[in-house]
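Here is the structure we will look at, set down as structure tokens.
The values are calculated or read from the model by the stated rules, or taken from the named source; none is laboratory data. Remember, predicted model here, so these are calculated numbers, not experimental data. Virtual Cβ from ideal backbone geometry, glycine too; neighbours counted across all protein chains shown. Just so you know, the surface numbers come from the protein's heavy atoms only, side chains and all, with ligands and any DNA or RNA stripped out. Shrake-Rupley method; radii C 1.70, N 1.55, O 1.52, S 1.80 Å.
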Amino acid sequence: MQRKITLQAALLITLLPLSQSFASPQNIAVIGTGYVGSVLGACLASFNNKVVCVDTNKETIEKLKRGEMTIYEPGLEEMIARYTQNNSLSFSDDPASAIRNSDIIFIAVGTPMTDDGNANLNAIESVARTIGENLNGYKVICTKSTVPIGTGARIKQIIKNYSQNSTEFDIVSNPEFLREGSSIYDFLNPDRVIIGLESERPYKALYDVYEPLHKRAVPFVFTNIESAEAIKYASNAFLAVKITFINEIANLCERVGADVLQVAKGMGLDKRIGSQFLTPGPGYGGSCFPKDVQALLFKGNQVALDLKVTRAAKESNSEHKLRIFEKLSKLLGNDLSHKKVAVLGLAFKSNTDDIRESSSIDIIQKLIENKARVSVYDPEAMDNMKKLFPNIEYNSSTYDAIKDADAIVLLTEWDEFRLIDLAYVRKLAKQALILDARNILSTTLLKKLNFTFENIGNATVSTSSPDPVE
Ligand code: UDX
């Protein structure tokens, strides 16, 4: 019989002496080897646990066994190589046996958006059934995937229904806050670890799993499962609101002669606001913010709540992406037909190959609709974009994309774009028209070279220096 964790017990757990340094390595199965699962597996192995990463996609597992990456994530290849070599980390396409041989199971499968905006829980429910069928002793089941509030209870019910001999288990919500492109750093240096539980029993196992973080006094928040699930959605939705807000202020700056980078700097020095996630751009994308914002709105509707601020952010972000296209079109005199437009950057942000919900998709689509000739370059994301737009021009370098271009639009803040030789670009392009949607090109130099340019929020960028460190 599992006792409900009381707030007092949660507080007690949190205040337990952090001196427990006799963590025993845990046998862990991570189900799902996507952006979260593969990083999770490698990092948990680095915490002296024995980890098997599982995926039903045999090709993915065979690649990972050969040390080949299925995603681009800086540092991941080296980390996986290190921990497979010392046998802390392995890969398997057999979830049943991995579950049977593990004490802790992390569910890290995808929860993509469904057509009606809800999170698709098919993979989650399938894993829960497999766990139930292979429950051969007490296990802790941790949901790492981002799941709608209340999913923990659903996972528990499914496992109960499918576990024959009513073996005991505990469900834990342990949401992840890693960002693509800096996943490993984010996992190893979290601002906090959120653990939602409904009994005290799984505490010790989770404590041991994350023991290195305890040693570094990383704050742990122990709460109930629904609150842990809500923290994830509320955090992502708030960050999406913050980004959308600064993009709206950028639009205002353009009309009133203010400089959004200065405004953001002045705002961010207020500790209540903070300078992070106040960088204007072409609108947020990625596999999380759009999906999580939509799923939160869906959950609100389910409980007869219109989450107006969150909804406004979603709507404003969509409009902002189209506003980028309008600015580009205006640069070309609103006549795009047969004009060559160089698109620099396809990934939804730098240091990733992920194009999901990237503003580049909206803009390429509009360019094609307006019969422009689209010529693109991205250091990592072109293979993914080819699946969506096979018939546009893909180039092997920035300058090849720019050659004879009527206009250039910079959408992803790759470092190599910060350092492009604008004098050479001036000679290479047919027309000196640039839209810098990431405010990374030196406006001083663009003016000096007689470019006609636009950026986001009337930004004054004096040197090609990277964005303020986030
Ligand atoms: C996000 C959350 O940050 C992370 O905590 C969560 O676990 C997953 O979702 P991610 O989507 O990988 O991470 O990338 P993030 O760095 O948050 O950027 C999301 C989008 O917002 C990108 O399109 C990025 O370009 C944009 N962005 C981010 C801005 O436009 N301005 C900013 O200041 C920050």
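Provide, as a two-decimal number, the C-alpha radius of gyration of region 7-223 over 2.2 N^0.38 Å, N being how many residues it has.
Working: Rg = 16.4 Å, N = 217, 2.2 N^0.38 = 17.0 Å.
Here the Cα radius of gyration is 0.97 times the empirical estimate.
Quick one: 3J(HN,Hα) in Hz for region 428-438, Karplus 6.51/-1.76/1.60 with θ = phi - 60°, rounded, Gly and Pro as x.
In residue order, the calculated couplings are 6, 6, 6, 10, 8, 10, 9, 10, 9, 7, 10 Hz.
Per 10 Å bin from zero, what fraction in whole % of the C-alpha pairs of region 224-470 is there, up to the bin with the longest pair?
The distribution over region 224-470 is 7, 31, 35, 19, 6, 1, 0, given as percents.
Roughly how compact is region 225-312, stated as its Cα Rg over 2.2 N^0.38 Å to two decimals? Before the final figure, lay out the partial values.
Working: Rg = 14.7 Å, N = 88, 2.2 N^0.38 = 12.1 Å.
Normalised Rg, Cα atoms only: 1.22.
Would you mind pulling out the separation of the Cα centroids of region 383-425 and region 272-328, in Å?
Comparing the Cα centres of region 383-425 and region 272-328, I get a distance of 27 Å.
Using modelled backbone amide H atoms (1.01 Å from N, in-plane), which distant-in-sequence or interchain residues come within less than 5 Å of residue 453's amide H?
Residues meeting the criterion, in which the H sits 1.01 Å from N, are 434.
Over all pairs of distinct alpha carbons, what does the Kirkwood formula give as the hydrodynamic radius of region 361-470, in Å?
Working: mean 1/r = 0.0686 Å⁻¹.
Result for region 361-470, one decimal place: 14.6 Å.
Kindly express, to the nearest 10 degrees and within the range 0 to 90, the angle between helix 308-331's C-alpha long axis and the longest C-alpha principal axis of the chain.
So the inclination is approximately 30 degrees.
Report relative contact order for the chain in percent, whole number only (criteria: Cα-Cα under 8 Å, sequence separation at least 6). Mind showing how you got there, number by number?
On the way: 934 pairs, mean separation 58.3, N = 470.
The value is 12 percent.
So what is the relative contact order for region 317-429, in percent, with contacts set as C-alpha pairs under 8 Å and at least six apart? Could you put the intermediate results ahead of the total?
Details: 191 pairs, mean separation 36.3, N = 113.
Relative contact order for region 317-429 comes out at 32 percent.
Once both axes come from the Cα atoms, what is the angle between helix 359-369 and the longest principal axis of the chain, in degrees from 0 to 90, rounded to 10?
That helix lies at roughly 50 degrees to the long axis.
Tell me, what HN-Hα J-couplings in whole Hz come from the Karplus equation 6.51 cos²θ - 1.76 cosθ + 1.60 at θ = phi - 60° for each residue of region 46-52, using x for Gly and Pro?
6, 8, 6, 9, 9, 10, 10
Taking H as built 1.01 Å from N, whose amide H comes closer than 5 Å to the amide H of residue 438, not counting residues under 5 places away?
Amide H neighbours of residue 438: none.
Counting only heavy atoms of protein chains, what accessible area per residue, in Å², does the chain have with a probe of 1.4 Å?
Values: 21040 Å² over 470 residues.
Heavy-atom SASA per residue in the chain reads 45 Å².
Under 5 Å between amide hydrogens, which residues at least 5 positions from residue 143 or on another chain qualify, with H placed 1.01 Å from N in the peptide plane?
Residues meeting the amide H criterion: 107, 172, 173, 174.
Assuming a viscosity of 1.306 mPa s and a temperature of 10 °C, what translational diffusion coefficient in µm² per second does Stokes-Einstein assign to region 61-148, Rh being the Kirkwood radius over Cα pairs?
Details: Rh = 14.9 Å.
The Stokes-Einstein estimate is 107 µm²/s.
From Cα pairs below 8 angstrom and at least 6 apart in sequence, can you work out the relative contact order of region 122-281, rounded to a whole percent? Each step should come with its number before you reach the end.
Numbers: 202 pairs, mean separation 31.3, N = 160.
20 percent.
Just to check, using Stokes-Einstein with a Kirkwood Rh over alpha carbon pairs, what's the diffusion coefficient of region 192-257 at 25 °C and 0.890 mPa s in µm²/s? Don't skip to the end; give the middle numbers.
Values: Rh = 14.6 Å.
Value of D from the Cα-based Kirkwood radius: 168 µm²/s.
Please compute the volume of the convex hull spanned by the alpha-carbon atoms of the chain and report it per residue in Å³.
Working: hull volume 72.6 nm³, N = 470.
It is 154 Å³ per residue.
Roll a 1.4 angstrom probe over the protein heavy atoms and tell me the percent of accessible area of region 224-470 that is carbon or sulfur.
Details: 5980 of 11260 Å².
The C+S portion of the solvent-accessible surface of region 224-470 is 53 percent.
With each run of n ≥ 4 DSSP H residues scored as -39500 (n - 2.57), what mean residue ellipticity at 222 nm is computed for the chain after dividing by its residue count and rounding to the nearest 500 deg cm²/dmol?
Values: 20 runs with 206 residues, N = 470.
Using -39500 (n - 2.57) per qualifying helix, the result is -13000 deg cm²/dmol.
Per residue of region 443-455, what does 6.51 cos²θ - 1.76 cosθ + 1.60 with θ = phi - 60° give for ³J(HN,Hα)? Whole Hz please, x for Gly and Pro, Karplus curve as stated.
5, 4, 6, 4, 5, 4, 8, 6, 6, 8, 9, 9, 9
Among 143, 295, 368, pick out the residue whose Cα is farthest towards the positive end of the charge dipole of the chain, where Lys and Arg carry +1 and Asp and Glu carry -1 on C-beta, about the Cα centre.
Of the candidates, 295 comes out farthest on the positive side.
Between residue 185 and residue 27, what is the FRET efficiency for a Förster distance of 25 Å, r being their Cβ-Cβ separation, to the nearest 0.05?
On the way: r = 26 Å, r/R0 = 1.05.
Rounded to the nearest 0.05, the efficiency is 0.40.
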